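The values are calculated or read from the model by the stated rules, or taken from the named source; none is laboratory data. Keep in mind the model is a prediction, meaning the values are calculated, not measured. Glycine also receives a Cβ, built like all others from the backbone with ideal geometry; neighbour counts cover every protein chain displayed. Heavy atoms of the whole protein, side chains included, go into the accessibility calculation; ligands, DNA and RNA do not. Shrake-Rupley method; radii C 1.70, N 1.55, O 1.52, S 1.80 Å.
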Amino acid sequence: METKIYQKENNLKIGTLLKAVVSDMFSSRFLATQLAIRDIKAQYRQSYLGILWMFITPLATAFVWVFLNSTGTVKLTDTGVPYPVYAFSGTLIWAIIKEAINMPMASTNSARSILTKINFPKEALIVSGVFKLLFNSSVKVLLLIIFIFAFGIGFHWSLLWLPLTILAAVLFGITLGLFLTPVGMLYTDVGKFINFALGFLMYITPVVYAIPKEGIMKTIMVWNPFTPFILTTRDLALGLPPEHLTYYGVLLLCCVPLLGLGLVFYRVSIPIIVERMSA
């Protein structure tokens, strides 16, 4: 009798897992859409100001720096464009990146009640968060364009690249967020630390002021990985020549494989965390 030897398939191969991730993301798109619609409606259902809350934080931050600059309290390097639109565009882009970093954790935490009760592709939570993030970002970009025209900068061809640079910034943020989410699900301190760290990082990133001409702060800001995403997006939006395209391109190329690893890490770790939550 012929003996057949069967070998157990290695389901932990990254390629196999990544293929399963993409398949589940595609198959769960309807569920993800419904979750996104639910979250967007809930976000403003009991809010008097509604969608305006999306702009209050970046507007308030920009206003503070505009006030400090106009009164001479803080002396800032010349930006080459009207400072109000420079500050507002920076805070708006920063808000988008910050939301992208927090999105995987926020989407997963919001589904804690159903994670332990219903078996469904966990990738639906990420897709749902992406839909919600793109909705919020599109509204912010629309307001940014209004600012650009209101301050006399007007239309220029590089403005057409703005949606792609926003998507790149979102990709960068989501990639970081995917690696932080599993740890954040286990320890709530992680989410608090992320917000604290991002608040600090904003002041070593050219969000509301230009990179200094010299000194240690110039070195820190130039090598800060957030810098090329902020500067390239803002430069193209305001019609300025982008100065950090090489660093921007390198980071963007690194984000693509890291995003795949992040999705695999999320897929492997979340079921384990859900099991611990239900124990």
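Looking across the range 243-279, the residues that are open to solvent by less than 70 Å² (accessible area, probe 1.4 Å), more than 30 Å from residue 115 (Cβ to Cβ) and assigned to a helix (DSSP H, G or I) come down to 247, 248, 249, 251, 252, 254.
If a residue must be hydroxyl-bearing (Ser, Thr, Tyr) and outside any helix (DSSP H, G or I), how many such residues does the range 102-123 contain? Talk me through it step by step, then tell me what you get.
First, the residues of the range 102-123 that are hydroxyl-bearing (Ser, Thr, Tyr): 107-108, 110, 113, 116.
Remaining after also requiring outside any helix (DSSP H, G or I): 116.
Within the range 102-123, residues that are hydroxyl-bearing (Ser, Thr, Tyr) and outside any helix (DSSP H, G or I) number 1.
Criterion applied to 154, 129 was being open to solvent by less than 30 Å² (accessible area, probe 1.4 Å) and under 27 Å from residue 18 (Cβ atoms), and the one residue passing it is 129.
Looking at 146, 174, 126, 211 in this structure, which one is in a loop (DSSP other than H, G, I, E, B) and either of a type in the set (Val, Ile, Thr) or within 18 Å of the chain's Cα centre (by Cα) (or both)?
Values: 146 fails: in a loop (DSSP other than H, G, I, E, B); 174 fails: in a loop (DSSP other than H, G, I, E, B); 126 fails: in a loop (DSSP other than H, G, I, E, B).
None of the other options fit; the residue is 211.
Residues of the range 177-208 that are within 24 Å of residue 238 (Cβ to Cβ) and either at pLDDT below 85 or in a helix (DSSP H, G or I) (or both): 198, 201, 202, 203, 204.
Rundown of residues vs (1) buried (at least 20 other Cβ atoms within 10 Å of the Cβ); (2) over 19 Å from residue 182 (Cα atoms), yes/no style:
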| residue | (1), (2) |
| --- | --- |
| 61 | yes, yes |
| 64 | no, yes |
| 70 | no, yes |
| 77 | no, yes |
| 87 | yes, yes |
| 96 | yes, yes |
| 99 | yes, no |
| 104 | yes, no |
| 112 | no, no |
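Just one of the listed residues (240, 231) is touching a residue at least 12 places away in the same chain (Cβ under 8 Å), over 30 Å from residue 16 (Cα atoms), crowded, with 21+ Cβ neighbours inside 10 Å and among the aliphatic types (A, V, I, L, M), and it is 231. Residues that are within 15 Å of residue 104 (Cβ to Cβ) and either touching a residue at least 40 places away in the same chain (Cβ under 8 Å) or basic (Lys, Arg) (or both) occur in the range 195-205; there is at least one. Of all residues in the range 138-166, those being modelled with pLDDT under 85 and of a type in the set (Phe, Trp, Tyr) number 3.
Specify which of the listed residues (97, 118, 153) is without any contact (Cβ under 8 Å) to a residue 24 or more places away in the chain and not small (Gly, Ala, Ser). It would help to see each step written out before you state the result.
Values: 97 fails: without any contact (Cβ under 8 Å) to a residue 24 or more places away in the chain; 153 fails: without any contact (Cβ under 8 Å) to a residue 24 or more places away in the chain.
Exactly one residue qualifies, and that residue is 118.
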